[in-house]
1. Can you tell me which residues in region B:10-33 are surrounded by fewer than 17 Cβ atoms within 10 Å (Cβ to Cβ), under 16 Å from B:L366 (Cα atoms) and not hydrophobic (A, V, I, L, M, F, W, C)?
2. Just to be sure before I move on: is A:K249 surrounded by fewer than 18 Cβ atoms within 10 Å (Cβ to Cβ), in a strand (DSSP E or B) and not β-branched (V, I, T) in the structure I sent?
3. Test B:M61 against the criterion of being out of contact with any Leu (no Cβ under 8 Å at 6 or more places or on another chain), under 30 Å from A:T49 (Cα atoms) and touching a residue at least 24 places away in the same chain (Cβ under 8 Å), and give yes or no.
4. Scan region B:129-142 and tell me whether some residue there is among the β-branched types (V, I, T), part of a strand (DSSP E or B), at pLDDT 95 or above and touching a helix residue (DSSP H, G or I) at 6+ places or on another chain (Cβ under 8 Å).
5. Quick one: how many residues across region A:28-66 are at the interface with chain B (Cβ under 9 Å from one of its Cβ atoms) and closer than 17 Å to A:G287 by Cβ?
6. Can you find even one residue in region B:158-173 that is surrounded by fewer than 18 Cβ atoms within 10 Å (Cβ to Cβ) and within 13 Å of chain A (Cβ to nearest Cβ)?
7. Being surrounded by fewer than 18 Cβ atoms within 10 Å (Cβ to Cβ), under 21 Å from B:Y40 (Cα atoms) and out of contact with any Pro (no Cβ under 7 Å at 6 or more places or on another chain) is the filter here, so list the residues in region A:78-95 that pass it.
8. Let me confirm something: among B:Y89, B:Y125, which residue is closer than 29 Å to B:P145 by Cα, more than 8 Å from chain A (Cβ to nearest Cβ), in contact (Cβ under 8 Å) with a residue 60 or more places away in the chain and not acidic (D, E)?
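The values are calculated or read from the model by the stated rules, or taken from the named source; none is laboratory data. All values derive from a computational prediction rather than experimental measurement. As a convention, Cβ positions derive from the backbone with ideal geometry for all residues, glycine included, and neighbour counts pool all protein chains shown.
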There are 2 protein chains.
Amino acid sequence: MQMSRLFAPTLKESPQEAEIVSHSLMLRAGLIRQVSAGVYTFLPLGLRTLDKITNIVREEMNRAGGQELLMPALHPADLWKETGRWQVYGPELIRFKDRRERDFCLGPTHEEVITDLARKEIRSYRQLPLLLYQIQTKFRDEIRPRFGIMRAREFLMKDLYSFDRDVEGLKESYEKMYRAYCRVFERCGLEYKAVPAESGVIGGDVSHEFLILAESGEEKLMVCQSCSYGTTREEEVCPQCQTHLEEKKGIEVGHIFQLGTKYSEPMKAYFLDRDGKEKPLVMGCYGIGIGRTMAAAIEANHDDKGIRWPVSIAPYEVAVIPVNSKKESHREQAEKVYRALLEQGFEAVIDDREASAGYKFNEADLIGFPFQVIVGEKAEKGGMLEIKIRRNGERIEVSQEGVIQLLRELKKNHGETREP
Amino acid sequence: MQMSRLFAPTLKESPQEAEIVSHSLMLRAGLIRQVSAGVYTFLPLGLRTLDKITNIVREEMNRAGGQELLMPALHPADLWKETGRWQVYGPELIRFKDRRERDFCLGPTHEEVITDLARKEIRSYRQLPLLLYQIQTKFRDEIRPRFGIMRAREFLMKDLYSFDRDVEGLKESYEKMYRAYCRVFERCGLEYKAVPAESGVIGGDVSHEFLILAESGEEKLMVCQSCSYGTTREEEVCPQCQTHLEEKKGIEVGHIFQLGTKYSEPMKAYFLDRDGKEKPLVMGCYGIGIGRTMAAAIEANHDDKGIRWPVSIAPYEVAVIPVNSKKESHREQAEKVYRALLEQGFEAVIDDREASAGYKFNEADLIGFPFQVIVGEKAEKGGMLEIKIRRNGERIEVSQEGVIQLLRELKKNHGETREP
């Protein structure tokens, strides 16, 4: 992609409305724009990162045996009345009447809709265990939408629902998801911690939160430096950890729940078990906030110049920057490197704009391309290029023949974890 | 994917509520399920086809220079009041108040939101032309939702918006999109026709509809057998076509509009032109109904046994079917072929269920896998397999060594058109 064509309107100053750094940087780097309080448009660079996180999540859900489907945002109130949540859910639930005066809501979560599907389509224990998930837009009328996409009213979620014969089955599905979540956040290049949690409005007995560790996090947790156990609850610290505790802060990006029969009982989602008896499906549910993960990744990976994306979720991997766009030799050499990168499967941009070197370097740092290939005086007549690693500021000189190989190695060393 | 694990609940009988064949087949083949009138869940097989059409559309929009973004479904009423459409749009527009009593609607189209973005971010002619698009869920409270996902209340659309300096620029962007649309429907393996059309509530002067030709189509059109010109309006038939006219029926799946300044004028979306003057952006908009294309593809491609997917949009390309699942030799041979197919990059299922051969053949025909590899008696001891081509019913015997090569050729001949 040529930067002269890319629709990525950047801002010099931090906008007033931004209360936290990820919000400010997403606006400044041209990743998002606000449409209304808590309602955002993802611009091309922002959408690319959103899609990368989505794809990692999708691959790991599939690997764990999940099957993807897509449920609607429009939910008939009848389903929510069956579980009693039509009454329980507060004004966060966006409600309206359709043209025939029937009550509807916009789904903030899909337990009712998936349980309705399950009771109609799951007949026998032979169909179990079953893991169904979607990556879909949800709605919640937050009393105070804030922090950009961190607490939005419209947001992208992955929600998976597990169906099992019994509690043992549920525990296995839960374990599978727990491990899948660990893989997701590892592959996103993020430091995370799973901690036992309260179940809240979703319900059920056992649940864990997944937190991205970041200094700006709102949740306090204690992590054992010896065994790496983490918890948000002081009373849960095991005696042998007491002397190794460190306090950290985290941002919740995922939550997994053992629901049991909380939804299948009231909605009569039964199956015929091997012993010939009708039993309620034993369920779990498992959510990841995709946009929230993106914001948390920035909270955990930035400096005063801008974003420092982990390679696996950066909008592009490499920016090629000719120092002096007016010099034909710089432009030509840069173009050559850029084409070679594209041919070799790198996701690259070229900053072909007529702007000062300083302006281009600053923008590249702000947007946070993991690697910058700088084409300057030395590059003339086939000479040396410079690679700047955004994460640590390191600069490496490399010959034009060696640039592809070096970038391949850097990608590996800096957390390239794309998988089949 | 193993059919024993695949969540694809099929139905023997056509459900009563299905008024047209695509609706019936999508329910019977386990592609969709209804949640409420005009509101559907896409099950795994249905979502795969939806994603394939989406990806073809995305590749062609990118190839034409489009940049993808993602706008919200929640639209503040203020924007719609600026263009007057808050008043003009009827009860199809789903409206509600948020918890602070502010008016919102669920976007049935995004001219207001994109024009708001454009007026804030496009300053100079240097940023033009600009093509921005999204693939996103839209809402329309149809007075009579029917025909399954063909006329739904919640539906997936691709909508692209072009921004140009002047009418000449708009015409170029429009031409580009016209050609991109032709490529999309060709790659989906569908017979289509572009015809001049009315602009309706979207507005503007020039517009074309893209119709998929199908006997069950609701729009009558005349196609010239000599020059392939098509039109829905009798008065537009050119004299030299008169003697070559054939009547066809079509289903509208795409619509492109030259909007001009219909939205940029009232919303004051101006840019600074080369001559130093402020001018309104000249816009076009271009929609494709993704779910609608899927339904139309079935209307145009089915027989009394089920769906006959074009290869490029089939949920899977190949089904491997052991004739007798109880025979270990059949199961083993089938498993071997299945693994070889996956290794070679085919999208394949294996019907590993304990069911009669007839049941499995019927299901494969219903779901419409383009190629069935049948592993029966002859396959024992490394003998011959049979390939059945769903589209024309042709059967070909092939050795186990030759099956991959033959399937590759069949894919090419039967409309494999995937592109970079």
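1. Residues satisfying the conditions are B:T10, B:K12, B:E13, B:S14, B:P15.
2. Working: surrounded by fewer than 18 Cβ atoms within 10 Å (Cβ to Cβ): yes; in a strand (DSSP E or B): yes; not β-branched (V, I, T): yes.
Against the criterion (surrounded by fewer than 18 Cβ atoms within 10 Å (Cβ to Cβ), in a strand (DSSP E or B) and not β-branched (V, I, T)), A:K249 qualifies.
3. Details: out of contact with any Leu (no Cβ under 8 Å at 6 or more places or on another chain): no; under 30 Å from A:T49 (Cα atoms): yes; touching a residue at least 24 places away in the same chain (Cβ under 8 Å): yes.
For B:M61, the condition - out of contact with any Leu (no Cβ under 8 Å at 6 or more places or on another chain), under 30 Å from A:T49 (Cα atoms) and touching a residue at least 24 places away in the same chain (Cβ under 8 Å) - is not met.
4. Pass one, region B:129-142, residues among the β-branched types (V, I, T): B:135, B:137.
Of the ones still in play, those that are also part of a strand (DSSP E or B) are B:135, B:137.
Subsequent filtering for residues that are at pLDDT 95 or above retains B:135, B:137.
Then keep just the ones that are touching a helix residue (DSSP H, G or I) at 6+ places or on another chain (Cβ under 8 Å); that gives B:135.
Within region B:129-142, one or more residues are among the β-branched types (V, I, T), part of a strand (DSSP E or B), at pLDDT 95 or above and touching a helix residue (DSSP H, G or I) at 6+ places or on another chain (Cβ under 8 Å).
5. So the answer is 1.
6. No - not one qualifying residue is present in region B:158-173.
7. Here is the first cut: in region A:78-95, the ones surrounded by fewer than 18 Cβ atoms within 10 Å (Cβ to Cβ) are A:78, A:81-82, A:84, A:87-92, A:95.
From what is left, the residues that are under 21 Å from B:Y40 (Cα atoms) are A:78, A:81-82, A:95.
Within region A:78-95, A:D78, A:K81, A:R95 qualify.
8. Values: B:Y125 fails: closer than 29 Å to B:P145 by Cα.
The unique qualifying residue is B:Y89.
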